[in-house]
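Worksheet: one structure, shown below.
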Amino acid sequence: MTSAVWLASEPALLPSRIQMAFTLASHVLLVPLGVALPSLTLLMEGIGLSRKDPVAIKIARRWSVVMAVQFAVGAVTGTILSFEFGILWPRMMGRFGSAFGLGFAIEGLAFFLEAIFIGIYLYGWNRLPPRLHFLLGLVLPPTGLVGAFGVLAANAWMNTPAGITLEGGRLTNVDVLAALFTRALGYEFWHFVIAIYMTAGFVVASVYAVAWLRGRRDHYQRLAFAVPFTVAALLTPVQLAVGDLSARALTEDQPAKFAAIEITWQTRDHNPEVILGLIDDSGRVHLGISVPSLDSLLVGYSPNAIVRGLRSFPADARPSSVEANIAHLAFDLMVGLGSAGALVALWHLWVLARRRRPPDSVWFYRLAALAGVGSYVAVEAGWVTTEVGRQPWIVYGLMRVSDAVTTAPASFVWTMLATLIVVYALIAFFFISLLLRLAARWRREDLGEPSAPEVGVPYGPRPGKFTPDA
Amino acid sequence: MPELIAFVLLLAITAYSTAGGVDFGAGIWDLLAGPSERGRRARALIDHAMAPVWEVNNVWLVLAIVLCWTGFPLLFQVVFAGLYPLFTFALIGLILRGAFFAFRHIADQPRAHRLADLVFGVSSVLTPFFFAASLGAIASGRLVPFSPMSIAFGLVSVAATAFSGASFLVGDARRYGAEELVGYFRRRAVAAALVLIAVGTVALVTIGLQAPGLLRSMLTGKGLPFALVTMVLTPTVVFLLWRGVYRWYRVLTVAAVGSLVFAWAFAQSPYLVPGQLTIDQAIAPPGAQVLLLIVSAVLLLVIAPAMGLLYYLDQKGALESTEG
């Protein structure tokens, strides 16, 4: 209802929201490998150096190529996002830029350093002394983490804004530390960082799970599967605990978001936990499995714990029923996938601890192959939960999305959106065909044609000699 | 302190105009190289020279954007609210350019390859044009996307990027021993510099008609020293390259293009948007200023040595591929 009113009064609101959602959803897919793959690569290089294992070094070198290509694509989609803040949400940036933007200033710095050191790391293979190459690479994980910190500080600020003084609608002072370290940052940061390390681990391992299913069972495959999968598996139980803390913190920090996630309409005790299901405008829940009192138990460790419902918020200060349903289903999807991932992770860790090698079952590798895709879906679902659950606010409690949106004509934003979709499809096509081509070439090399893994990659180092006829 | 932050923002814009300009310029020459055998060789050199550094310059752009919205949120709002079409076009050009530069490395069929060349080349012209047009619209003080000044700034930037691109390609041709291309790009650098001088003169007249105050400040006020540097250095580079003196020409090219940006910015200071918004009116609250200065200092202390290391390794040849 309420969204419909805003959509009518701000014609560019709908295409702007779709465009932001589309470009962010695309960028989020690149983040896990962009931030966490350097760590996995260094871990593999470290194993190679300490055990003098040339296979591990080869794996690390190949991963570094994927890391660089992926970083470059992420840099492009990230640049687009930074412009979209101005093109789509100029009024938010004008009022809150100096508080919201702080994290991005830090992120910009980290991004700069990461770009330089990815170049050095990628080009330095076999040219720099191995130990120096490894040490220079160690700059990468912290720059990725600082970058993630910056972006999450900005997002956390939108969820729990703090550290600002507003006088007559104008921001007159910013307390930098309070604006960077807002209440939501603690759990958002750890929840997201663990999520992307898990995702990177599961995604990389899934490639080699498929290789196993296709019959490749050598030292190369075992190492390239076991290292990332074990990292992800170890993090999975930690994530369940951190995720639980995050959801519980919402009851205080963003109660309307929590009510939407649980599709709770009336404030009450003995609140049931509804799994799946949909809420309508009158607050009735359809379908779904309702577990009596479980929500109250999870929130306050007692069936008597009171959970605040959507109805207790003014209609223009809470998610609409459509938005609540989206946030709720996305949350359930994330939790469901996380729990499924935890079971596969336990299987792996159990066998690994007892027999010092990954499980030998076809079903295990089928699930492990799915874990890669599942992680991406879970990351998207988690991001949808937090963004849609914050509606109608762009800055929780301070500014609505409809007050931030551009005054550009809707037709302009729709056209831009259509163009971006076409361009993103092209980029995805180029990116995926490049990865497939690399995989095919490396496979050929393993069967006996040697050459450097970076040659012919658009972001890789050039050959030592320029030959105009090449 | 607000002036210092404005200066850091100017440095980021200038770094993007000069370093990014070299890349865009190379793309322009790629487009103009044509289907001949010599054109194909020129394109191969451009590819070879750009491969390891292209897109790194985007970092400057992101830095400028972030500095602008954190340091001068009001400027960011009014500029984007008024000039969003220019930024959208520039942005689409930027993505297409990157995507198709990558694509032409993996395109198998000649037709796909030609298409990739074409998109890459055309977007190399349009992207700097639209970015600079937005600066022209700001300088005019009216923030309307298309005006004589925005178009004049756009054309100047296309000429300037073509000039710096050709100048650096002379160096690349020498460095990689492509003797026949040295003269090729030398002639193009000279031609582009002459076009730049012509277009620049037209632009000055346009500024005089649309924003006489700005022209006065460029020719008699704070912009004058930088305008002079550009006016002296551009013919100097022409002279050096004409005579085949291969020393200092690249540094002087960067200095000439950089001074052009400085001349505009200093001429309109203390205004961020002439007649509308000054540095002091748009500046973020003090807390944010402190953080931005810290970030800028770290940038200098950490990034400068890191870039130095990258440059050193590159010059040593330590970063070129080992096999193949």
(message) Against the conditions (1) open to solvent by less than 20 Å² (accessible area, probe 1.4 Å); (2) within 20 Å of the chain's Cα centre (by Cα); (3) facing chain B (nearest Cβ under 7 Å), where does A:Phe85 fall short? Just the number, please.
(response) (1)
(message) List pairs: first residue in the stretch A:156-168 and within 12 Å of another protein chain (Cβ to nearest Cβ), second residue of a type in the set (D, E, K, R) and surrounded by fewer than 18 Cβ atoms within 10 Å (Cβ to Cβ) anywhere in the structure, Cβ distance under 7 angstrom, at least six positions apart or on different chains.
(response) A:Gly163/A:Asp175
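Just checking, does the stretch A:377-391 include any residue being among the small types (Gly, Ala, Ser), within 30 Å of A:Asp281 (Cβ to Cβ) and in contact with a strand residue (DSSP E or B) (Cβ under 8 Å, 6 or more places away or on another chain)?
Keep residues of the stretch A:377-391 that are among the small types (Gly, Ala, Ser), which gives A:378, A:381-382, A:389.
Those left that are additionally within 30 Å of A:Asp281 (Cβ to Cβ): A:378, A:381-382, A:389.
Of the ones still in play, those that are also in contact with a strand residue (DSSP E or B) (Cβ under 8 Å, 6 or more places away or on another chain) are none.
No.
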(request) State yes or no: is B:Asp47 within 25 Å of A:Glu114 (Cα to Cα), of a type in the set (Asp, Glu) and more than 7 Å from chain A (Cβ to nearest Cβ)? (result) yes
(message) For the stretch A:121-135, give me each residue that is farther than 21 Å from A:Ala200 by Cβ and within 8 Å of chain B (Cβ to nearest Cβ).
(response) A:Tyr123, A:Gly124, A:Asn126, A:Arg127, A:Leu128
(message) Whether any residue in the stretch A:165-176 is at pLDDT below 95, touching a Phe, Trp or Tyr at 6+ places or on another chain (Cβ under 9 Å) and buried (at least 22 other Cβ atoms within 10 Å of the Cβ) is what I want to check.
(response) no
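Assess whether A:Val344 counts as being touching a helix residue (DSSP H, G or I) at 6+ places or on another chain (Cβ under 8 Å), modelled with pLDDT of 95 or more and over 20 Å from A:Phe258 (Cβ atoms).
no
Look at A:Thr79 and say whether it is more than 13 Å from A:Ala200 (Cβ to Cβ) and assigned to a helix (DSSP H, G or I).
yes
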(message) Suppose we filter the stretch A:35-67 for residues that are hydrophobic (A, V, I, L, M, F, W, C), within 12 Å of chain B (Cβ to nearest Cβ) and either open to solvent by 10 Å² or more (accessible area, probe 1.4 Å) or free of Cβ contacts under 8 Å to residues at least 12 places away in the same chain (or both); how many remain?
(response) 0
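Looking for whichever is facing chain B (nearest Cβ under 8 Å) and modelled with pLDDT under 90 here; the options are A:Gly108, A:Gly74. Which one fits?
On the way: A:Gly74 fails: facing chain B (nearest Cβ under 8 Å).
Going through A:Gly108, A:Gly74 in turn, just one is facing chain B (nearest Cβ under 8 Å) and modelled with pLDDT under 90: A:Gly108.
Rundown of residues vs (1) more than 20 Å from A:Met399 (Cα to Cα); (2) out of contact with any Phe, Trp or Tyr (no Cβ under 8 Å at 6 or more places or on another chain); (3) open to solvent by less than 70 Å² (accessible area, probe 1.4 Å); (4) without any contact (Cβ under 8 Å) to a residue 60 or more places away in the chain, yes/no style:
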site	(1), (2), (3), (4)
A:Arg311	yes, no, no, yes
A:Ala315	no, yes, yes, no
A:Arg318	no, yes, yes, no
A:Ile326	yes, yes, no, no
A:Ala330	yes, yes, yes, yes
A:Leu337	yes, yes, yes, yes
(message) Of the residues A:Ser26, A:Ser98, only one is open to solvent by 20 Å² or more (accessible area, probe 1.4 Å), polar (S, T, N, Q) and either over 21 Å from A:Leu140 (Cβ atoms) or not in a helix (DSSP H, G or I) (or both); which?
(response) A:Ser26
(message) Against the condition open to solvent by 40 Å² or more (accessible area, probe 1.4 Å), part of a helix (DSSP H, G or I), aliphatic (A, V, I, L, M) and at pLDDT below 90, how does B:Leu228 come out, does it pass?
(response) no
(request) Considering each residue of the stretch A:406-436, count those that are under 30 Å from A:Ala211 (Cβ atoms), at the interface with another protein chain (Cβ under 9 Å from one of its Cβ atoms) and surrounded by 15 or more Cβ atoms within 10 Å (Cβ to Cβ), and give that number. (result) 6
(message) Exactly one of these conditions fails for A:Gly186: (1) of a type outside the set (A, V, I, L, M, F, W, C); (2) within 14 Å of chain B (Cβ to nearest Cβ); (3) out of contact with any helix residue (DSSP H, G or I) (no Cβ under 7 Å at 6 or more places or on another chain); (4) assigned to a helix (DSSP H, G or I). Give me its number.
(response) (2)
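Within the stretch B:159-196, work out how many residues are outside any helix (DSSP H, G or I) and either touching a Leu at 6+ places or on another chain (Cβ under 8 Å) or touching a residue at least 12 places away in the same chain (Cβ under 8 Å) (or both).
First pass over the stretch B:159-196, keeping only residues outside any helix (DSSP H, G or I): B:176-178.
This time we only want the ones that are either touching a Leu at 6+ places or on another chain (Cβ under 8 Å) or touching a residue at least 12 places away in the same chain (Cβ under 8 Å) (or both), so: B:176, B:178.
The total comes to 2.
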(request) Check B:Arg41 against each of (1) without any contact (Cβ under 8 Å) to a residue 40 or more places away in the chain; (2) surrounded by fewer than 20 Cβ atoms within 10 Å (Cβ to Cβ); (3) touching a helix residue (DSSP H, G or I) at 6+ places or on another chain (Cβ under 9 Å) and name the one condition it does not meet. (result) (1)
(message) Being under 27 Å from the mean Cα position of the chain (by Cα) and open to solvent by less than 50 Å² (accessible area, probe 1.4 Å) is the filter here; which residues of the stretch A:341-357 pass it?
(response) A:Gly341, A:Ala342, A:Val344, A:Ala345, A:His348, A:Leu349
(request) Can you confirm whether the stretch B:100-120 contains a residue that is within 20 Å of the chain's Cα centre (by Cα) and either outside any helix (DSSP H, G or I) or within 8 Å of chain A (Cβ to nearest Cβ) (or both)? (result) yes
(message) I need the full set of residues from the stretch A:393-421 which are over 22 Å from the mean Cα position of the chain (by Cα) and part of a loop (DSSP other than H, G, I, E, B), in order please.
(response) A:Gly397, A:Leu398, A:Val405, A:Thr406, A:Thr407, A:Ala408, A:Pro409
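The values are calculated or read from the model by the stated rules, or taken from the named source; none is laboratory data. Being a predicted model, the structure only gives us computed values, none of them experimental. Quick reminder, even Gly has a Cβ in these numbers, built from the backbone with ideal geometry, and neighbours come from all protein chains shown. Ligands, DNA and RNA are excluded from the accessible area calculation, which covers all protein heavy atoms including side chains. Shrake-Rupley method; radii C 1.70, N 1.55, O 1.52, S 1.80 Å.
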